[in-house]
Amino acid sequence: MPKYERFEDTPAWQAAAEMYNLVLDLLEAHGGEFTSGYRGQLDRCSLSVSNNIAEGFERMTTGGLMAFLDIARGSAGETESMMRVILHRPNLAKARPLMILIRDLADSLVRQLTGWMGSIEHGEVQGKRHLTKPQAQERRQQEAAQNLRTRFYQSLKPGHALYDTPNARKARGEPPEDG
């Protein structure tokens with residue numbers, strides 16, 4: 001059984017893959033002591049962590065990455081919960097050290113994924129098709145200013161000094177004047 005000094009020192013995908021292998025070890029050694037539903041759910045949720053980290057990492061958008069990291073975090077939490085629910089059953093005393101290791105690794109993954117998501121969400125570089133809050137606010141202000149200018153030019157009456165300027169003609173959807 002692997003020994004971890006600090007789970008956080010292992011990158012998330014590797015830690016998730018290791019956790020799944022520990023779950024397989026648990027199921028191989030003690031699987032007969034669990035219901036088939038429990039075995040199947042534990043297998044699915046523990047494998048889901050590494051798979052969703054990988055799928056999110058392959059997405060081309062920050063939003064896609066965040067969605068899959070959130071699913072991975074939920075699956076790690078589910079794995080942790082499944083270990084906690086049965087940890088003190090008397091007939092599982094021999095499996096307890098492995099179950100504690102899986103539980104602690106799942107808990108570490110929840111914290112690691114939460115931190116990763118926070119650094120993405122609050123980081124300066126947000127990725128394709130995603131703006132930081134200050135960038136989004138600046139874009140909204142620029143669009144509002146442009147809309148105000150367009151409405152102003154559209155409201156000008158013939159004879160106004162700015163009526164025949166290129167900006168006013170453009171705002172009214174007219175072709176530019178031939179020069």
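Taking the criterion of being surrounded by 10 or more Cβ atoms within 10 Å (Cβ to Cβ), of a type in the set (Asp, Glu) and at pLDDT 90 or above, would at least one residue in segment 130-141 satisfy it? For segment 130-141, residues surrounded by 10 or more Cβ atoms within 10 Å (Cβ to Cβ), of a type in the set (Asp, Glu) and at pLDDT 90 or above: absent.
In this structure, is residue 115 under 30 Å from residue 18 (Cα atoms) and at pLDDT below 90? First the steps, then the outcome.
On the way: under 30 Å from residue 18 (Cα atoms): yes; at pLDDT below 90: no.
Judged against the criteria, residue 115 is not a match.
Taken over segment 25-38, the residue count meeting the criterion of being more than 10 Å from residue 102 (Cα to Cα), in a helix (DSSP H, G or I) and in contact (Cβ under 8 Å) with a residue 24 or more places away in the chain is 5.
Would you confirm whether any residue within segment 49-72 is among the hydroxyl-bearing types (Ser, Thr, Tyr) and modelled with pLDDT under 95? Within segment 49-72, one or more residues are among the hydroxyl-bearing types (Ser, Thr, Tyr) and modelled with pLDDT under 95.
Any chance you could count how many residues in segment 66-110 are buried (at least 16 other Cβ atoms within 10 Å of the Cβ) and touching a helix residue (DSSP H, G or I) at 6+ places or on another chain (Cβ under 7 Å)? So the count comes out to 28.
Entry remark, segment 14-24: residues being buried (at least 16 other Cβ atoms within 10 Å of the Cβ) and either within 20 Å of residue 97 (Cβ to Cβ) or in contact (Cβ under 8 Å) with a residue 40 or more places away in the chain (or both) number 7 in total.
The values are calculated or read from the model by the stated rules, or taken from the named source; none is laboratory data. All values derive from a computational prediction rather than experimental measurement. Counting neighbours? That spans all protein chains shown, and the Cβs are built from the backbone with ideal geometry, glycine included.
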